[in-house]
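**Student:** Please read through the structure below; I'll follow up with questions.
Computed from the coordinates by the stated procedures, all read-outs in this text should not be read as laboratory data. The shown structure was predicted, so the numbers you read here are calculated from the model rather than taken from an experiment. Cβ sites come from the backbone with ideal geometry, for glycine too, and all protein chains shown count toward neighbours.
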Amino acid sequence: MTEMVHGSIPAQTGEPVLSRWWRTVDRWTISSVLLLVAIGLLLALASSPPLATRNHLPPFYYFQRHAVFAAVSVSVMLFVSMRSPETIRRWAVLGFGIGFVLLLALPFVGTDLGKGATRWLNLRVITLQPSEFIKPCLAVTAGWLLAAGQDLNAPPGRLMSLGVTLATVGLLVIQPDFGQSALVLFGWGAMYFVSGASIVIILGLAGAVVGGGVVAYGASEHFARRIDAFLSSEIDARSQIGYATSAIQEGGLWGMGVGEGQVKWQLPDAHTDFVIAVAAEEYGFILVAFIIMLYATICLRALVRLTRERDPFIRMAGTGLVAMISAQAMINMGVAVRLLPAKGMTLPFISQGGSSLLAMGLMTGMLLALTRSRPQGEIGEILQTRGR
């Protein structure tokens, strides 16, 4: 019955760690991530030379840098995926505490890198973006609190979970970073829904988010400018969105050919926020559809495994992680085709950026660790135990 419900195989006594990990981990997800990383390296070869030329650096400087971070990201993912759920929870709580302190320090020691938002810590060797690393840690921490609140005589886990989430969102809004704020709220909302929240509460929270957006529109010129550009009926052909949409249209079904694209010379963020435009222009809709399929595979494989999970902590934390990964991919591609306002968000495992790659490796590693097949006991035995 266990195999029918969960698909797990009892662990063998004395089985090597690597053998047990390979038998229980979701290999479809690992394969999808590796393919995304390979596509990211391919697109880095196309999009990074123009950036290196503008900055008077060797042609493949940014490609080599991206390759190093991609390798470290995959290593982090595999290492973290071998940990137990208990270890993941402890690391996440510790990581959330450190990340929260770093977010508190950003207004005083952070830098905006000339982009108008104080989101980075300049560590000389690397510019670290704390918001990228706090997302996976917050998802696991909030999932743990939600699960703990379901026990009898337990502390108010839902309220505590909402509190740490809103505190994090408040620090992100100060930067300002409304895109990451929306992503965090979406991830928490997915976990809250899975925990058994009523639809009335969900709709109330959605209304509160809309109300917050209205307030932000009136209080932040940066936010209002992006919303106005999105709602405008005309697209400035020389804007980032204008160049990106034109490149996607020019690519058509099969693309213009390797190295033939022009958008990488026109967009300063072609290697990060608008890398999907480079993919569409040079390789066409075929590559874009394949990328979407890979993200869908990661999402659906995780959700299928989580529906079989009996541990509420694993179920909710995993839901938060997969919701954030999927939403970030959709937001990045939605911005490029003007379905969403500009957010300044990277495409997971494909866009260049050290913090983004490393944090995504951590997030996916946590997801793989939580969705590994594990013996959970016969359901009849569980019912008998509860009846005693």
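**Student:** Once amide H atoms are placed 1.01 Å from N in the peptide plane, what residues at a sequence separation of 5 or more from D177, or on another chain, have their amide H within under 5 Å of its amide H?
**Tutor:** none
**Student:** Angle, helix 275-307 long axis vs. longest principal axis of the chain, Cα atoms, 0 to 90°, nearest 10?
**Tutor:** For helix 275-307, the angle is close to 10 degrees.
**Student:** Another one. Only sites in a loop by DSSP and with at most 16 other Cβ atoms within 10 Å count here; which trypsin sites (Lys or Arg not before Pro) in region 118-179 make the cut?
**Tutor:** R124
**Student:** Right, here's the next one. Within region 294-380, report the chymotrypsin sites (Phe, Trp or Tyr not before Pro) that DSSP leaves as loop and that have at most 16 other Cβ atoms within 10 Å.
**Tutor:** Of the chymotrypsin sites (Phe, Trp or Tyr not before Pro), not one in the loops of region 294-380 has a Cβ with at most 16 other Cβ atoms within 10 Å.
**Student:** Multiplying the sequence separation of F285 and I98 by 0.36 nm and subtracting their Cα-Cα distance, what value in nm do you get?
**Tutor:** 63.2 nm is the gain from fully extending F285 to I98.
**Student:** Suppose a student asked you for the relative contact order of the chain, using Cα pairs under 8 Å spaced at least 6 residues apart; what percent would you report?
**Tutor:** It rounds to 29 percent for the chain.
**Student:** Pop a pseudo-label 7 angstrom from the Cα along the beta-carbon direction at both Q249 and L34 and give the gap in nm to one decimal.
**Tutor:** About 4.0 nm separates the two model spin labels.
**Student:** Provide the per-residue ³J(HN,Hα) series for region 57-64, in order, calculated from phi with Karplus coefficients 6.51, -1.76, 1.60 and θ = phi - 60°, each as a whole number of Hz, with x at glycine and proline positions.
**Tutor:** Values, residue by residue: 10, x, x, 9, 4, 6, 5, 5 Hz.
**Student:** Take the chain, connect every pair of alpha-carbon atoms lying under 10 Å apart with a spring to form a Gaussian network, then pick out the residue of A148, A229, A289 with the largest mean-square fluctuation.
**Tutor:** Ranking A148, A229, A289 by mean-square fluctuation puts A289 first.
**Student:** Once the dipole of region 38-375 is set up with Lys and Arg at +1 and Asp and Glu at -1 on Cβ about the Cα centre, which of T272, A139, L185 lies farthest towards its positive end?
**Tutor:** It is A139.
**Student:** In what order do Y217, Y283 fall by count of nearby beta-carbon atoms within 10 Å, going from fewest to most?
**Tutor:** Y217, Y283
**Student:** Neighbouring Cβ atoms within 10 Å as the yardstick, rank W91, W254 fewest first.
**Tutor:** On the way: W91 18, W254 11.
Neighbour counts put them in this order, fewest first: W254, W91.
**Student:** So for the pair V164, V68, with labels modelled 7 Å out along Cα→Cβ, what separation do we get in nm?
**Tutor:** The modelled label-to-label distance comes out at 3.3 nm.
**Student:** P(r) of the chain in 20 Å steps, Cα pairs, percent per bin?
**Tutor:** Once binned at 20 Å, the Cα pair distances of the chain give 27, 57, 16, 1.
**Student:** Of the candidates G259, G187, G196, which one comes out as most mobile in a Gaussian network treatment of the chain with C-alpha springs shorter than 10 Å?
**Tutor:** Checking each option, the largest mean-square fluctuation is seen for G196.
**Student:** Which whole-number percent is the relative contact order of region 1-148 (Cα, under 8 Å, 6+ apart)?
**Tutor:** 15 percent
**Student:** Could you work out the equivalent-ellipsoid semi-axes for region 224-376, taking the square root of 5 times each eigenvalue of the Cα gyration tensor, largest first, in whole Å?
**Tutor:** Calculated on Cα positions only, the semi-axes equal 33, 17, 13 Å.
**Student:** Only counting other Cβ atoms within 10 Å, I'd like C137, C299 sorted with the fewest neighbours first.
**Tutor:** Numbers: C137 25, C299 19.
If I rank by nearby Cβ atoms, fewest first, I get C299, C137.
**Student:** Residue-wise, which Karplus ³J(HN,Hα) couplings in Hz belong to region 30-41, taking 6.51 cos²θ - 1.76 cosθ + 1.60, θ = phi - 60°, and x for glycine or proline?
**Tutor:** 4, 4, 5, 5, 4, 5, 5, 4, 5, 5, x, 5
**Student:** For the chain, what is the calculated [θ] at 222 nm in deg cm²/dmol (nearest 500), taking -39500 (n - 2.57) for each run of four or more DSSP H residues and dividing by its residue count?
**Tutor:** On the way: 16 runs with 272 residues, N = 388.
The helix contribution divided over the chain gives -23500 deg cm²/dmol.
**Student:** Please determine, in degrees from 0 to 90 and to the nearest 10, the orientation of helix 130-148 with respect to the longest principal axis defined by the Cα atoms of the chain, where the helix direction is its Cα long axis.
**Tutor:** 20 degrees
**Student:** Using a Förster distance of 35 Å, how high is the FRET efficiency between Y61 and L18, based on the Cβ-Cβ distance and rounded to 0.05? Provide the component values of the computation, followed by the final result.
**Tutor:** Numbers: r = 36 Å, r/R0 = 1.02.
Efficiency, rounded to the nearest 0.05: 0.45.
**Student:** Follow-up question, since we're still on this one. Please return the longest range in the chain lying between exposed loop sites, taking GluC sites (Glu not before Pro), DSSP loop only, at most 12 other beta-carbon atoms within 10 Å, and leaving the sites out.
**Tutor:** Of all site-free stretches, the longest is 1-233.
**Student:** Assuming a ≥ b ≥ c are the square roots of the Cα gyration tensor eigenvalues, decide whether region 131-266 counts as rounded (a/c under 1.5), prolate (otherwise, with a/b larger than b/c) or oblate.
**Tutor:** Note, shape of region 131-266 comes out prolate.
**Student:** Okay, next question. Pull out a ≥ b ≥ c, the square roots of the eigenvalues of the alpha-carbon gyration tensor of region 76-210, then state rounded if a/c is under 1.5, prolate if not and a/b is larger than b/c, and oblate in the remaining case.
**Tutor:** Oblate, since a/c reaches 1.5 and b/c is not below a/b.
**Student:** By how many nm would the segment from R27 to L113 lengthen if fully extended, with 0.36 nm per residue of separation less the alpha-carbon distance?
**Tutor:** Details: separation 86, 0.36 × 86 = 30.96 nm, distance 3.82 nm.
Length gained between R27 and L113: 27.1 nm.
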